[in-house]
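Asks: Dumping the structure here so I can ask a few things about it.
Nothing in this text is a laboratory measurement; each read-out follows from the coordinates by a stated rule. Note that the structure is a prediction, hence the values are computed from the model and not measured. When we count neighbours, we look across all protein chains shown, and the Cβ atoms used for this are built from the backbone with ideal geometry, even at glycine.
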Amino acid sequence: MTTEPTSGAAGADVHVALADVRMAFGDREVFRGLSCAFPAGKVSVILGGSGSGKSTVLRLIGGLVRPQSGHIFVAGEDVTVLSERQLYGVRKKLGMMFQDGALLDSLTIFENLAFPLREHTTLSEHAIATAVRRRLDAVALTDVDALLPNQLSGGMLKRAALARAIMRDPVILLCDEPFSGLDPISVKRIESLLVRINRRLAITIILVSHHIASTMRMADRVLLLLPSGAVAGSPAELRRSADAQVVGFLSEERDGADDAPNAAADAAAGRI
Ligand SMILES: Nc1ncnc2c1ncn2[C@@H]1O[C@H](COP(=O)(O)OP(=O)(O)OP(=O)(O)O)[C@@H](O)[C@H]1O
Ligand SMILES: [Mg+2]
């Protein structure tokens, strides 16, 4: 599946890997030699403080920024050596849901979802409508086709953005803070949705989050970006860590509302 290390992350095939990546914006160095691997078909979560480089990891994987040195393997291709044209082929395999959602304000939800297919395929109107319906079903959104993005709630918007990210059947889904700004019930709904998408469609999911509790529930693998360097492991491994920085991070940034037993949230999550 990949030309880089074939296992190592919990024994699974590696779908995405960074090898000794140095990334700096001007004289601001974000990574001095980051190496990490994301297993195929699993949910990996990137945690870290604000400015630690979480979004930058996703942008490096998507080939949106290039590192000063090191290699980045995405589904077997080293994106650091590809031309823009060649990158296009790799990006077809990626679904990206960025921090701001980024649906187009002037287009209806239907047109927002149809957009990637109109741009990149020659599918008929009927086929496009069927594809949009299928993704809206996948994210449990109904009767929103004719609405504009500003007519949706925050949670619905996240779901619509997620539907758009999976329009072209990506094999790897990158999500930047899909839970930000959501109430605890909506966090659990999006979380369940992502896990379902991962299990049903066998998509490799790499997501950035600052919700510790949610991460511990849904992640197969965690990459924690700390000032001293990156630490990776399963949620259980991180919980057992004796490293003071890891322990500190995991206890500090608790999303308390998610920790509390909440029957309503569980019921809502179960409905999706
Ligand atoms: N295009 C850019 N130009 C200059 N500096 C940048 C650029 N993108 C990111 N940075 C810097 O790189 C560092 C990491 O940014 P990044 O957006 O990856 O952080 P983050 O962990 O996602 O933070 P947050 O949790 O606030 O979203 C920050 O210091 C940021 O200022
Ligand atoms: Mg970010």
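Asks: With equal scatterers on the alpha carbons only and no solvent term, can you work out the Debye log10 of I(q)/I(0) for region 103-169 at 0.21, 0.26 1/Å?
Replies: Result of the Debye calculation: -0.77, -1.18.
Asks: With n ≥ 4 as the cut-off for DSSP H runs, can you work out [θ] at 222 nm for the chain, using -39500 (n - 2.57) per run divided by the number of residues, rounded to the nearest 500?
Replies: Values: 11 runs with 107 residues, N = 272.
Mean residue ellipticity, 222 nm, calculated: -11500 deg cm²/dmol.
Asks: Label Arg32 and Asp105 with points 7 Å out from Cα along Cα→Cβ: what is the distance between them in nm?
Replies: 4.3 nm
Asks: By counting other Cβ atoms within 10 Å of each Cβ, how are His15, His126 ranked from fewest to most?
Replies: The fewest-first ordering by Cβ neighbours comes to His126, His15.
Asks: Evaluate E = 1/(1 + (r/R0)^6) for Ser69 and Asp143, where r is the Cβ-Cβ distance and R0 equals 45 Å; express this FRET efficiency to the nearest 0.05.
Replies: 0.35
Asks: Specify whether the C-alpha gyration tensor of region 141-218 places it in the rounded, prolate or oblate class, a ≥ b ≥ c being the square roots of the eigenvalues: rounded for a/c under 1.5, otherwise prolate if a/b is larger than b/c and oblate if not.
Replies: Oblate, because a/c is 1.5 or more while a/b does not exceed b/c.
Asks: With a 10 Å Cβ neighbour count serving as the proxy for reagent exposure, in which order, fewest first, do Thr56, Thr130 appear?
Replies: On the way: Thr56 22, Thr130 11.
In order of increasing Cβ crowding within 10 Å: Thr130, Thr56.
Asks: Can you tell which of Pro116, Pro235, Pro149 shows the greatest fluctuation in a Gaussian network model of the chain with Cα springs below 10 Å?
Replies: Of Pro116, Pro235, Pro149, the most mobile in the Gaussian network model is Pro116.
Asks: While we're here: Let me know the Kirkwood hydrodynamic radius for region 7-68, please, with Cα pairs as the basis and the value in Å to one decimal.
Replies: 12.4 Å
Asks: Assign one of three labels to the chain, namely rounded, prolate or oblate, based on the Cα gyration tensor with a ≥ b ≥ c the square roots of its eigenvalues; rounded applies when a/c is under 1.5, prolate when it is not and a/b is larger than b/c, and oblate otherwise.
Replies: Oblate, since a/c reaches 1.5 and b/c is not below a/b.
Asks: OK, next. To the nearest 0.05, what FRET efficiency results for Phe25 and Ser180 with a Förster distance of 22 Å applied to their C-beta separation?
Replies: Once rounded, the FRET efficiency stands at 0.50.
Asks: When the Karplus curve 6.51 cos²θ - 1.76 cosθ + 1.60 is applied with θ = phi - 60°, which whole-Hz ³J(HN,Hα) does each residue of region 79-85 get, with x for Gly and Pro?
Replies: 5, 6, 10, 8, 6, 3, 4
Asks: Taking the number of other C-beta atoms within 10 Å as the exposure measure, put Met167, Met23 in order starting with the fewest.
Replies: Working: Met167 21, Met23 24.
Least crowded to most crowded, the residues run Met167, Met23.
Asks: Another question about this same structure. Between region 131-149 and region 82-110, what is the C-alpha centre distance in whole Å?
Replies: 18 Å
Asks: Can you tell me which of Ala244, Ala161, Ala230 moves the most in a GNM of the chain? Springs connect C-alpha atoms under 10 Å apart.
Replies: Sorting by GNM fluctuation, first place goes to Ala244.
Asks: Multiplying the sequence separation of Tyr88 and Arg133 by 0.36 nm and subtracting their Cα-Cα distance, what value in nm do you get?
Replies: Gain on stretching Tyr88 to Arg133: 13.6 nm.
Asks: Sticking with this structure for a sec: If one computes the Cα centroid of region 213-247 and of region 24-46, what distance in Å separates the two points?
Replies: 14 Å
Asks: Mind checking the dipole of region 103-169: about its Cα centre, +1 per Lys or Arg Cβ, -1 per Asp or Glu Cβ, Debye to the nearest 20? Present the calculation step by step, with values, prior to reporting the outcome.
Replies: Details: 8 positive and 8 negative charges, 47 e Å.
I would put it at about 220 debye.
Asks: I would also like to ask the following. To check you understand DSSP bridge types, tell me what percent of the beta bridges within the chain (both residues inside) are antiparallel, rounded to 5.
Replies: Just about 55 percent of them are antiparallel.
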